[in-house]
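What follows is a short report on a single structure.
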Amino acid sequence: MTTARRPIVVMGVSGVGKTTVGRELARRMGVAFIDADDLHGPANIAKMAAGTPLDDDDRWPWLDRVGAALAADPAVVIACSALKRSYRDRLRASAPAAVFVHLDAPIERVAAQATARRDHFMPPALLASQLQTLEPLGADEQGLTVTVDAAPEELVERICRSTNELFLR
């Protein structure tokens, strides 16, 4: 699909569709997929499952593991919230070529998707804290924002068209 390979981070709040879109994007590109949720330590999972938002001190070791995964495979797609600029900077310290794809959707859609999930440790009640934490991509960050308003396959098509342009920069 693309001639150049750069790691891609599919980012956004919990329930926006990062894993679904990230898996489909990786499949379409023929590269590995990692869900950063699988890299959380047991203490972080327990804290979130109990309805307590993570703080920066909780996130730094996890972000370092995500950054190591990005650095280990220059063609990987990783689903990771990456909510703050400082978190994305931490990931870029390990993988400077990383491209961020911010999935953005109306709160009602995200809340409905988060509530429908039955197999995830992150309760929908933490969505408000994620929205408060979210810092959109800056104009100087390599990436794009995609509005979640279509089926995952259509979103992936948009992402592929846009990331092809980003890979040429």
For this session: Go through T145, T115, T163 for me and flag whichever is at pLDDT 70 or above and open to solvent by 70 Å² or more (accessible area, probe 1.4 Å).
Result: T145
Exercise. Which residue pairs have Cβ atoms closer than 8 Å, lie 6 or more positions apart in sequence or on different chains, and pair a first residue in the range 1-24 that is more than 16 Å from A75 (Cα to Cα) and in a loop (DSSP other than H, G, I, E, B) with a second residue that is at pLDDT below 80 and of a type in the set (D, E, K, R)?
Worked result: G15/R117
For this session: May I ask you to list pairs of residues, at least six apart or on different chains, whose Cβ atoms are under 6 Å apart, with the first in the range 33-57 being over 12 Å from S129 (Cβ atoms) and the second being open to solvent by 60 Å² or more (accessible area, probe 1.4 Å)?
Result: F33/R23; L39/R65
For this session: Considering only the range 32-59, state which residues are small (G, A, S), outside any loop (DSSP other than H, G, I, E, B) and open to solvent by 50 Å² or more (accessible area, probe 1.4 Å).
Result: A43, A46, A49
For this session: Provide a single number: the residues in the range 81-93 that are open to solvent by 50 Å² or more (accessible area, probe 1.4 Å), of a type in the set (A, V, I, L, M, F, W, C) and closer than 11 Å to L137 by Cα.
Result: 0
For this session: Filter the range 125-163 for residues that are hydrophobic (A, V, I, L, M, F, W, C), touching a residue at least 24 places away in the same chain (Cβ under 8 Å) and outside any helix (DSSP H, G or I) and give the result.
Result: L134, L137, L144, V146, V148
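Can you tell me how many residues in the range 66-80 are crowded, with 16+ Cβ neighbours inside 10 Å and over 13 Å from the mean Cα position of the chain (by Cα)?
2
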Problem set entry | Residue in the range 122-138 that is open to solvent by less than 50 Å² (accessible area, probe 1.4 Å), within 20 Å of S14 (Cβ to Cβ) and modelled with pLDDT under 60 present | yes
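The values are calculated or read from the model by the stated rules, or taken from the named source; none is laboratory data. As the structure is a prediction and not an experimental result, all values here were calculated from the model. In this analysis, Cβ positions are derived from the backbone assuming ideal geometry, glycine residues included, and neighbour counts consider all displayed protein chains. Just so you know, the surface numbers come from the protein's heavy atoms only, side chains and all, with ligands and any DNA or RNA stripped out. Shrake-Rupley method; radii C 1.70, N 1.55, O 1.52, S 1.80 Å.
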